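Report on one structure; see the data block that follows.
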Amino acid sequence: MQRDELAAWLRLTLTPGVGNISARKLLATFGLPQAIFDQPTAALKQVVNSTQVQALCTEPQELAALVDLTWVWLQQSPANGPRRQIATLGDPLYPQALLNLDDPPLLLYLLGNASYKPNKPPDLIDKALTATFNIANRQTIDTQSSLAIVGSRNPTPQGAANARLFAKSFAQAGLTVVSGLALGIDGAAHQGALDGVSDSHAAVTVAVVGTGLDRVYPKAHHDLAHRIAEHGLLISEYALGTPPLTANFPKRNRLIAGLAQGTLVVEAAIKSGSLITARLTCEQGHEVFAIPGSIHAAQSRGCHALIKQGAKLVESAQDVLGELTWPTKLSKTTESIAASAYAERAEGIFGNDDQLLKALGFDPVGLEAMQARTGLETAQLQAQLMGLELDGLVARLPGGLFQRLSA
C-alpha cells in the first residue's frame with residue numbers, strides 16, 4: 001500500500017458521522033477512497049446525507065499525524081519477526097468471514113507471523129501479491145478451522161484451568177483459538193493454545209484487541225501478546241494510539257465471533273461481555289458451547305443461562321470437536337488427539353484416589369467444613385491441603401476457602 005492510498009483509507013475512517021455502513025455504500029459506488037474524495041458534492045449527496053457530505057469535504061485535523069504514525073509503524077516491520085500490515089476491504093488477505101458482518105471494519109491492523117487465508121484461489125494470486133505479503137512464508141488461518149473461547153475476567157481457578165486445558169487440546173488438534181487478550185479466561189485460552197504448539201510455523205491463536213496495536217492492554221499481558229505475535233496474529237480495527245476505551249471492547253466482540261466457526265463460553269456472569277459474543281455468534285449462524293459450573297458460583301450463571309437457551313453443554317474438548325464440521329485435514333485427527341488429551345488428563349486427575357479430593361467436592365469449601373467431612377485434625381488437614389495445592393490439584397481462595405481444580 002502506497003502512502004497516499006493509506007492516507008485516503010485513514011481519512012475515510014476518521015470522517016465523523018460516516019460509519020462502516022455508509023463507507024461501504026460510498027466504496028461500492030465510487031471505488032477506492034481516493035475516488036470518493038475526488039467526487040463533487042452533488043455526486044456524494046446521491047449516496048449519503050448532507051451532514052456526511054460536509055464531513056467528507058473537510059479533512060480531519062488529526063489525519064496528518066495519524067498517517068505519519070501509521071506509515072512509520074508499517075515501515076518498521078522486522079524482516080524476520082512478526083509482520084505489521086493493514087488489510088482493507090477488498091484486500092485478498094482481509095478475512096472473508098468478516099465481510100458477512102453488517103458493519104465489517106473498513107480496515108484491520110494486523111501484527112504477527114500469520115495471515116488469513118487469501119480470498120482468491122492460490123492460482124489467481126499473482127507473484128507481486130505473494131511477494132508483498134510473504135504468503136508463501138507464513139502460516140495461513142482459515143476461519144473454518146478456528147474456535148473462539150471467551151469468559152470472565154475474574155474466573156474461578158477451575159474456570160481458568162478449564163480454559164487453558166481446552167485451548168491446548170484444540171491447538172493440538174490443529175485449530176486456531178480466537179479470543180480477546182483480556183484478563184482471566186481470554187488470557188488462559190491464549191496460554192493454553194500456546195502450550196499446544198508443536199509446530200513452530202503453526203498459527204495457534206488470534207487475539208482481537210480493543211486498542212491500537214502499538215500498545216498492549218492489559219499491561220500484564222505484554223509478554224503474552226509477543227508470544228501470540230510469534231505463533232499467530234493480533235488484530236485490531238482501531239487506529240494506532242487508541243487507548244482502552246470501554247466502548248471498544250463490546251464492539252470488538254463481533255470480530256471474535258466472526259473469525260471462528262463457533263464460540264465456547266467457559267465462565268460468565270449474567271451481565272457479561274461474553275454473552276454478547278455468544279449472541280453475536282448465534283446471529284452469525286455459528287454454534288455456541290458452554291461449560292457448566294457450580295450453582296453457587298456467579299461466574300457460572302451466564303453459562304447456565306446459555307445452556308437453558310440451547311447452547312451445547314460441554315464436558316470435554318471432544319464435545320466441541322465432534323459437533324462441528326472441520327476441514328478434511330483436521331477431521332481425521334481431532335477425535336484421536338482430543339481422546340488422547342482427555343485420557344492424559346483423566347490419568348493425572350482421576351488416577352489420584354486421595355479421599356481428601358473426594359471430600360472437597362467441586363464447590364469452594366472452608367476448613368471447618370472439611371474437618372466435619374473428613375474428621376482430620378487441623379494440622380493434618382492443613383498439611384494435606386498444602387500438598388494438594390503444591391501439586392496443582394487444589395487452589396486456595398480468598399476468605400479461607402479451598403477449591404478442587406480437577407473436573
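The values are calculated or read from the model by the stated rules, or taken from the named source; none is laboratory data. Owing to the predicted nature of the structure, the values given are computational and were not obtained by experimental measurement. Here the Cβ is made from the backbone with ideal geometry for all residues, glycine too, and neighbour counts use every protein chain on show.
Taken over region 51-96, the criterion of being among the small types (Gly, Ala, Ser) and either at pLDDT 95 or above or crowded, with 16+ Cβ neighbours inside 10 Å (or both) is satisfied by Ala55, Ala64, Ala65, Ala87. Of all residue pairs spaced 6 or more apart or on separate chains, those with beta-carbon atoms under 9 Å, a first member in region 282-295 that is closer than 16 Å to Leu147 by Cα and a second member that is aromatic (Phe, Trp, Tyr) are Ile291/Phe166. Looking at Gln380, Gln384, Gln403, just one residue is assigned to a strand (DSSP E or B) and of a type outside the set (Ser, Thr, Tyr), and that residue is Gln403.
Screening region 51-123 for strands (runs of 3 or more DSSP E) wholly inside it with 2 or more residues that are of a type in the set (A, V, I, L, M, F, W, C) and in contact (Cβ under 8 Å) with a residue 12 or more places away in the chain returns the ranges 83-88, 107-112.
Within region 221-270, the residues that satisfy the criterion of being out of contact with any helix residue (DSSP H, G or I) (no Cβ under 8 Å at 6 or more places or on another chain) and charged (D, E, K, R) are Asp223, Glu230, Lys251, Arg252. Counting the residues of region 222-233 that are under 18 Å from Lys168 (Cβ atoms) and touching a residue at least 40 places away in the same chain (Cβ under 8 Å) gives 5.
Within region 22-33, residues that are among the aromatic types (Phe, Trp, Tyr) have Cβ atoms under 7 Å from residues that are assigned to a helix (DSSP H, G or I) in these pairs: Phe30/Ile36, counting only partners at least 6 apart in sequence or on another chain. Are any residues in region 376-405 exposed (fewer than 12 other Cβ atoms within 10 Å of the Cβ) and within 22 Å of Ser294 (Cβ to Cβ), and if so, which ones? Of everything in region 376-405, those that are exposed (fewer than 12 other Cβ atoms within 10 Å of the Cβ) and within 22 Å of Ser294 (Cβ to Cβ) turn out to be Pro398, Gly399, Gly400. Could you give every pair whose Cβ atoms fall below 7 Å, whose first residue belongs to region 378-398 and is under 9 Å from Leu356 (Cβ atoms), and whose second residue is in a loop (DSSP other than H, G, I, E, B), counting only separations of at least 6 or pairs across chains? Listed by first residue and then by second, the contacts come to Val394/Leu405.
Which residue is nearest to Ser236 (Cα to Cα), if the candidates are limited to region 176-213 and must be of a type in the set (Ser, Thr, Tyr) and touching a Ser or Thr at 6+ places or on another chain (Cβ under 8 Å)? The selected residue is Thr211.
Number of residues in region 189-211 that are touching a residue at least 60 places away in the same chain (Cβ under 8 Å) and surrounded by 21 or more Cβ atoms within 10 Å (Cβ to Cβ): the value is 3. Taking region 281-306 as the range and being closer than 25 Å to Thr246 by Cβ and surrounded by fewer than 21 Cβ atoms within 10 Å (Cβ to Cβ) as the test, the residues that pass are Cys282, Glu283, Gln284, Ala298, Arg301, Ala305. Scanning region 212-223 for residues that are buried (at least 16 other Cβ atoms within 10 Å of the Cβ) and among the aliphatic types (A, V, I, L, M) turns up Leu213, Val216. For region 11-27, taking the residues that are closer than 20 Å to Leu101 by Cβ and of a type in the set (Lys, Arg), the one that is surrounded by the fewest Cβ atoms within 10 Å (Cβ to Cβ) is identified as Lys25. The conditions of being over 26 Å from Ala202 (Cβ atoms), over 22 Å from the mean Cα position of the chain (by Cα) and among the hydrophobic types (A, V, I, L, M, F, W, C) are met by Leu66.
Among the residues of region 359-377, those that are free of Cβ contacts under 8 Å to residues at least 60 places away in the same chain and either under 21 Å from Ser300 (Cβ atoms) or assigned by TED's automatic domain parsing to the domain that holds Thr156 (or both) comprise Leu360, Gly361, Val365, Gly366, Ala369.
Specify the residue that is surrounded by the fewest Cβ atoms within 10 Å (Cβ to Cβ); the eligible residues are those in region 1-10 that are under 28 Å from the mean Cα position of the chain (by Cα) and modelled with pLDDT of 95 or more. Restricting to residues being under 28 Å from the mean Cα position of the chain (by Cα) and modelled with pLDDT of 95 or more, the top hit is Leu6. Checking each residue in region 263-320 for being of a type in the set (A, V, I, L, M, F, W, C) and in a helix (DSSP H, G or I) picks out Leu275, Ile276, Ala278, Leu280, Cys282, Ala298, Cys303, Ala305, Leu306, Ile307, Ala317, Val320.
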